[in-house]
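Chemist: My questions all concern the structure below.
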Amino acid sequence: MMTHDPVELVPYDPQWPETFRRIRDRLLVLLPQARSIDHIGSTSISGMSAKPLIDIDIVLPGLGHIEGATDVLLAEGYEPRGNRYDAEVWAFLSRGSVPRERVYLCPLGNGTHRNRLAFRDYLIAHPQAAADYAALKRRLAAEFRMDGDRYTAHKREFVDTIVARALTGDD
């Protein structure tokens, strides 16, 4: 499914961490069973240009909690976006909030969640890798301006390399 929204990168907004905290606090009230609610993606990396979209992983105690949490998110007006990248991770997109929120439900111990945290933390700790990623994103956003799926797909090799480095402890 090709998305027709243009790939829009904006400069880092110093309000993003506070926006995340506000969203997290609201989600914790709605989903008190959550083991953690983590800010992931480019908006979680200080100085990184990003799509104006706060990405959030909600870690639930297990797969048995996904259905109930899904019902809560749907009642709050989140749109289901399926599980395109990982059979055990479900995505939801907020309607009407600025910036938009993309929320993922993950069971405890999920590999995709572990990899996202590893990637985020590695880029925060390695400014040159973060600069390389920012440059790659700018180039891809120009090349695939009207094709968000290909934009994302072409970041995969860089992301996988960083995740492998982060998980093996290589600098």
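The values are calculated or read from the model by the stated rules, or taken from the named source; none is laboratory data. This one's a predicted model, so the numbers in the text were calculated from it and none came from an experiment. Quick reminder, even Gly has a Cβ in these numbers, built from the backbone with ideal geometry, and neighbours come from all protein chains shown.
Chemist: What pairs come out if I take residues in the stretch 136-155 that are under 12 Å from Leu9 (Cβ atoms) and pair them with residues that are among the polar types (S, T, N, Q) whose C-beta lies under 8 Å away, six or more apart or interchain?
Modeler: Short answer, once both residue conditions are applied: Lys137/Ser42; Lys137/Ser49; Arg138/Ser49; Gly148/Thr3.
Chemist: Scan the stretch 27-66 for residues that are within 15 Å of Val98 (Cβ to Cβ) and exposed (fewer than 13 other Cβ atoms within 10 Å of the Cβ) and report the count.
Modeler: Selection size over the stretch 27-66: 0.
Chemist: Next up: Determine which single condition Leu74 fails, assuming it passes every other condition in (1) under 21 Å from His39 (Cα atoms); (2) buried (at least 16 other Cβ atoms within 10 Å of the Cβ).
Modeler: Leu74 satisfies every listed condition except (2).
Chemist: Restricting attention to the stretch 4-44, which residues are in contact (Cβ under 8 Å) with a residue 40 or more places away in the chain and farther than 25 Å from Leu136 by Cα?
Modeler: Thr19, Ile23, Leu27, Leu30, Leu31, Arg35
Chemist: Which count do you get for residues in the stretch 9-35 that are under 25 Å from Gly68 (Cα atoms) and either of a type in the set (Asp, Glu) or assigned to a loop (DSSP other than H, G, I, E, B) (or both)?
Modeler: Summing the residues that are under 25 Å from Gly68 (Cα atoms) and either of a type in the set (Asp, Glu) or assigned to a loop (DSSP other than H, G, I, E, B) (or both) in the stretch 9-35 gives 6.
Chemist: Does the stretch 132-154 hold any residues that are loosely packed, with under 15 Cβ neighbours inside 10 Å and either within 16 Å of Ala50 (Cβ to Cβ) or touching a helix residue (DSSP H, G or I) at 6+ places or on another chain (Cβ under 6 Å) (or both), and which are they?
Modeler: Selection gives Asp132, Ala135, Arg138, Arg139, Ala142, Arg145.
Matching residues to (1) over 16 Å from the mean Cα position of the chain (by Cα); (2) more than 21 Å from Gly109 (Cβ to Cβ):
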site	(1), (2)
Arg21	no, yes
Asp25	yes, yes
Ile45	no, yes
Val59	no, no
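Chemist: Now for a separate question. Being free of Cβ contacts under 8 Å to residues at least 24 places away in the same chain and either more than 24 Å from Asp160 (Cα to Cα) or of a type in the set (Gly, Ala, Ser) (or both) is the filter here; which residues of the stretch 76-115 pass it?
Modeler: Selection gives Gly77, Glu79, Pro80, Gly82, Ala87, Ala91, Leu93, Ser94, Arg95, Gly96, Ser97, Gly109.
Chemist: Same structure, new question: Just one of the numbered conditions (1) at pLDDT 95 or above; (2) among the β-branched types (Val, Ile, Thr); (3) under 21 Å from Val10 (Cβ atoms) is not true of Ile162; which one?
Modeler: (3)
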